[in-house]
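Novice: Below you'll find the structure I mean.
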Amino acid sequence: MNLKAVTGLVIAGIAFVGTAVADTAPSDVVWVDEVSVPASVTGGAGVAETGIDVVSQRSQGNCVACHQFSSLPDVGFQGNVGPSLDGVGSRWTEGELRGILVDAKQMFPETRMPSFYRDSGYIRPGNAYTGRAADPETFGPLLNAQQIEDTIAYLLTLTD
């Protein structure tokens, strides 16, 4: 077999594997004891370095708006509404962290933390800050499945 044929087979195999694993839809997330989501919502692990962007950027998760991260001293205006997330990787399991990110209200019914990977069960979701109701055709979770897994990968590094 020549090199071009082998290369073509490898590329086809990678493309097939990439399409064989699909993200778990928010409504299909499997909970254990209403506090843990043991299975990855992407079918794979996240990237901790990318998780830093999710927790620190306003256009993504913006976790720093409510939580403090000693590991991110260059990120300004960190919040104090939620608990500090220092050591969170030692306090919670991966499945529990995923459950909190997917829908914190499952574990903490009175929390003000938003549900980051939920797309139903809301009373009246809004359309950003317009004062109008969200369009049901385009309404979706605050974070996508990969952002959830990237955030979890980063949070699991916070063990001190």
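Any read-out appearing in this document is the output of simple, stated calculations on the displayed coordinates, not a laboratory observation. None of these values were measured; they are calculated from a predicted model. When we count neighbours, we look across all protein chains shown, and the Cβ atoms used for this are built from the backbone with ideal geometry, even at glycine.
Novice: Please list, ordered by chain and number, the residues whose modelled amide H lies under 5 Å from the amide H of residue 158; skip anything fewer than 5 residues away on the same chain.
Specialist: For residue 158, whose amide H was placed from the backbone, the distant partners under 5 Å are 89.
Novice: Efficiency by 1/(1 + (r/R0)^6): what FRET value for residue 93 and residue 137, r their Cβ-Cβ distance, R0 = 30 Å, to the nearest 0.05?
Specialist: The calculated FRET efficiency here is 0.25.
Novice: Share of Cα-Cα pairs in the stretch 25-155 beyond 17 Å, in percent?
Specialist: Tail of the P(r) past 17 Å holds 59 percent of the pairs.
Novice: Any idea which of 26, 156, 43 is furthest toward the positive side of the dipole for the chain, if Lys and Arg beta-carbons carry +1 and Asp and Glu beta-carbons -1?
Specialist: 26
Novice: What value, in deg cm²/dmol to 500, does the helix sum -39500 (n - 2.57) over DSSP H runs of n ≥ 4 give at 222 nm once divided by the residues of the chain?
Specialist: Rounded to the nearest 500, the figure is -9500 deg cm²/dmol.
Novice: Additional query: Using Cα springs under 10 Å in a Gaussian network model of the chain, which residue among 85, 143, 72 shows the largest mean-square fluctuation?
Specialist: Looking only at 85, 143, 72, the biggest GNM fluctuation is shown by 72.
Novice: I want to check the label-to-label distance for residue 32 and residue 47. Put each point 7 Å from Cα in the C-beta direction and report it in nm to one decimal.
Specialist: It is 2.8 nm.
Novice: Now for a different question. Considering the options 131, 109, 87, tell which one lies farthest towards the positive end of the dipole of the stretch 25-155, charges being +1 on Lys and Arg and -1 on Asp and Glu at the Cβ, about the Cα centre.
Specialist: Sorting the options by dipole projection puts first 131.
Novice: Would you calculate the separation in nanometres between label points at residue 123 and residue 39, each defined as 7 Å from the Cα along the Cα-to-beta-carbon direction?
Specialist: 3.3
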